[in-house]
Amino acid sequence: MEHKERMALLKQWEGQLHAVDNVRRDIEAIFGDCIESEFYRVISDLAGKYTKTVSDLTGDTDWLDWYWLENDMGTRRMEAKAANWEKMQKITNLEVLCRMIEADIK
């Protein structure tokens, strides 16, 4: 897979997860906290399975889960290091995430 194709998948993935988060917020605005609900479980499970699929397609080795769940889609500006990088780098956006995934593939 070429960089351009990988980035396209990552952008779709990011957009879909933002859409899921927006729907969850809208539902919570109407019904209150729904984290223990079946709705939340199903939506979370679906987002996790979609992330796993995109991970498999892009050649990722679990960086997508980390970027999404721990690094809050880059907003936490956490540092990470690809297997063949010399130094840690802040992973703040999809471009840096993509380069890290590609570095691990090489």
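Values in this text are rule-based calculations from the coordinates and carry no lab data. These numbers come from a predicted model, not from an experiment. In this analysis, Cβ positions are derived from the backbone assuming ideal geometry, glycine residues included, and neighbour counts consider all displayed protein chains.
In the chain, the calculated helix contribution to ellipticity at 222 nm averages -20000 deg cm²/dmol per residue, counting -39,500 (n - 2.57) for every DSSP H run with n ≥ 4. Note on the chain: Rg/Rh from C-alpha atoms, Kirkwood Rh, equals 1.02. Peptides 57-64, 46-53 ordered by packing proxy, namely the average of other Cβ atoms within 10 Å per residue, highest first: 57-64, 46-53. Cross-link check: pairs LYS4/LYS87; LYS52/LYS81; LYS4/LYS106; LYS11/LYS52; LYS49/LYS90 evaluated at a Cα-Cα cut-off of 23 Å; pairs beyond the cut-off: LYS4/LYS87; LYS49/LYS90.
Dipole magnitude for the chain: about 380 debye, using +1 per Lys or Arg Cβ and -1 per Asp or Glu Cβ, origin at the Cα centre.
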